[in-house]
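Quick note: the coordinates plus some simple rules give every number you see, no bench work behind them. Quantities reported herein were computed from a predicted structural model and do not represent experimental measurements. Here the Cβ is made from the backbone with ideal geometry for all residues, glycine too, and neighbour counts use every protein chain on show.
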């Protein structure tokens, strides 16, 4: 087991260095002078330009620059935003809870509906229920979620006026961040109606963000279940006279879950990509919207730092999934 | 897969029956056949947009802005699907949009597949150190969420349809590398590859003629998947303002332009979205059918 862990960590290191190289290269090597961008349309004097070049260290060799960048990354120093002048690291972790809250809700919804749907479809394979569920899943999988979001806004915010169009909470309520999670903070604030307002703001973005992972989980669960259901030990269980609930629930599902867990872990990247679109549409103040805004403002340190942190997060989750997978399934460990 | 001596006559005899076998399995999946017909209609629309469209996609009828579709009150048969805020005919724009989406799908899928399969083949045949380097590079690309990486690439290269396609092809390509490498490694240990080597087949012959044809099935399924992914991603980039630029009638860009009218004119928002959904759905249905027909491991599951 320790050997397995070490080998996984060893593949993590070069990927980490590669990811820092890419995010470093985005600013220094590709065209477009970041200092001129920083100056904006007013421009700047030649002296000030030279001053900034020296200050940001652009006059030194690229390798030295990369080395210092890497050193900074390891110490949590990703530079300051051009626009707000605040450290990128601080900005990221101030906004991260919003994205985490949305993603966690979306993932919970996707698992709560996707898993049972996949199991039921597999058990009733070929029946009407299976076909209906799988057709719906394929539609969800093919859905352009930015359009789906607009549709939901038209129906639920426009026509029915049930849910708000954007933001995390009504402007009526104000309280300090304690955890950064609006659902928890609104309860802690003790203000009447704050929690309800936070929930109402979460509903549409959660549905939108959950759509694709839900479809993927349902499809994956179904095919994993089908594979397991044709195994010999299931026949043995049937021959022993176990009821369908026990066979499907205890014997089949537990083994079918292994590939499904991997899929859930691997869809973290998908979720973050979806968060970019979802957060932009619903003006959700999280990482995705922050990245898109920064790209439009040409706020290079933010784009660079955000890209790196998001990639790191995906890598860490993948590593955890990998290790967990090896933990659950000894066959993988032995390879 | 059995004929090791690809003589012209043998291949000609084998081909029609293989195609028929393929169609037999493919047509067992009714959804796949439906998807195939929709896809054919989509290709016809894309190819014949100039003839089929009643107006030019950029022509502005200033007296007819936001006309609803013909079946709704206030609509007319002059503009079947209504007009957008600038008075452009929706039907013409949607038809021309099919052309962009088709173009995007074809280009991205073939660039990603060509590059990815080539790198995957090299990786499968290469010595261990080169294989490791290639796979680590692919891991690095895969660590970035695809849409984010495409967004940043486009932001640097400048927003345009071409750059969006390039960015998405780069992002999709590692999947082909992994897939090809995995199937190559699976084939390499088989006897027919060994016998080809013993018979004196050179490296390139073994790579492209002996092994590659036997790895194609999962790759073809992946092509269908990346075709639909490319359409979705380019539309998403267009929607964020980083893909095709107005007045290009690209479906995602059309949606972005129509956003402020969502509560007043449902058709400018709904129709381009339905176009994207139906096209992507049709291709994904075909992909499922292809998987059933081509992948013997998953056959009849």
Checklist entry - Sorted by packing (mean other beta-carbon atoms within 10 Å per residue), highest first, where do B:272-280, A:17-25 land? => result B:272-280, A:17-25
Next on the checklist: Suppose a student asked you for the relative contact order of region A:169-251, using Cα pairs under 8 Å spaced at least 6 residues apart; what percent would you report?
Outcome noted: 18 percent
Next on the checklist: Only counting other Cβ atoms within 10 Å, I'd like B:250, B:28, A:279 sorted with the fewest neighbours first.
Outcome noted: B:28, A:279, B:250
Checklist entry - Roughly how many Å is it from the Cα centre of region B:98-144 to that of region A:283-335, as a whole number? => result 21 Å
Item to check | Longest to shortest principal axis, alpha-carbon extents of region B:45-106, angstrom | outcome: 39, 21, 18
Checklist entry - To the nearest whole number, what is the average tally of beta carbon atoms from other chains within 10 Å of the beta carbons of peptide A:146-156? => result 5
Checklist entry - Which value, in Å to one decimal place, does the Kirkwood hydrodynamic radius take for region B:54-170 when every pair of different Cα atoms is included? => result 17.6 Å
Checklist entry - Viscosity 0.692 mPa s, temperature 37 °C: Stokes-Einstein D of region B:196-284 from its Kirkwood Cα radius, in µm² per second? => result 208 µm²/s
Checklist entry - On the first, second and third principal axes, largest extent first, how far apart are the outermost C-alpha atoms of region A:210-335 in Å? => result 66, 35, 16
Next on the checklist: Can you sort B:64, B:175, A:251 from fewest to most other Cβ atoms within 10 Å of each residue's own Cβ?
Outcome noted: B:64, A:251, B:175
Checklist entry - Ranked highest first by the average count of other Cβ atoms within 10 Å around their residues, in what order do A:210-223, B:111-124, A:153-166 fall? => result A:210-223, B:111-124, A:153-166
Item to check | Cα gyration tensor, chain A - rounded (a/c under 1.5), prolate or oblate | outcome: oblate
Item to check | Packing-based ranking, highest mean first, of A:139-151, B:196-208 given that Cβ atoms within 10 Å are counted | outcome: A:139-151, B:196-208
Item to check | Dimensions (Å) - chain B, Cα atoms, principal axes, largest first | outcome: 77, 44, 33
Item to check | If the convex hull is drawn through the Cα atoms of the protein assembly as shown, its volume per residue in Å³ | outcome: 218 Å³
Checklist entry - If you bin every alpha carbon distance in region B:86-155 into 10 Å steps from zero, what whole percent lands in each bin? => result 16, 29, 29, 15, 8, 3, 0
Item to check | Cα Rg over Rh - region A:87-214, Kirkwood | outcome: 1.06
Checklist entry - In deg cm²/dmol and to the nearest 500, what is the mean residue ellipticity at 222 nm of the protein assembly as shown if only DSSP H runs of at least 4 residues count, each as -39500 (n - 2.57), divided by the residue total? => result -23500 deg cm²/dmol
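How well do other chains shield peptide B:134-144, expressed as the mean number of their Cβ atoms within 10 Å of each residue Cβ? If you can, show how the numbers build up before the last one.
Details: counts 0, 2, 6, 4, 1, 8, 11, 4, 7, 15, 12.
Counting Cβ atoms of other protein chains within 10 Å of each residue's Cβ and averaging gives 6.
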Checklist entry - region A:210-255 to region B:200-260: how many Å between their Cα centroids? => result 34 Å
Checklist entry - For region A:123-181, what are the per-bin percents of Cα-Cα distances with bins 10 Å wide, up to the bin holding the maximum? => result 18, 26, 26, 20, 9, 1
Item to check | Separation between Cα centres of region A:124-146 and region B:262-285, rounded to whole Å | outcome: 18 Å
Item to check | Tail weight of P(r) past 17 Å, computed on alpha-carbon pairs of region B:70-116, percent | outcome: 51 percent
Checklist entry - What average number of partner chain Cβ atoms lie no more than 10 Å from the Cβ of the residues making up B:146-158? => result 6
Checklist outcome for this item: If N is the residue count of region B:126-252, its Cα Rg over 2.2 N^0.38 Å rounds to 1.34
Next on the checklist: Let me understand region A:58-155 better: what is its radius of gyration from the alpha carbons, and its Dmax, in angstrom?
Outcome noted: 23.0, 69
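So for B:84, A:322, B:50, B:63, fewest C-beta neighbours within 10 Å to most, what's the order?
Fewest-to-most Cβ neighbours within 10 Å comes out as B:63, B:50, A:322, B:84.
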Item to check | Relative contact order for chain A, counting Cα pairs under 8 Å that sit 6 or more residues apart, in percent | outcome: 26 percent
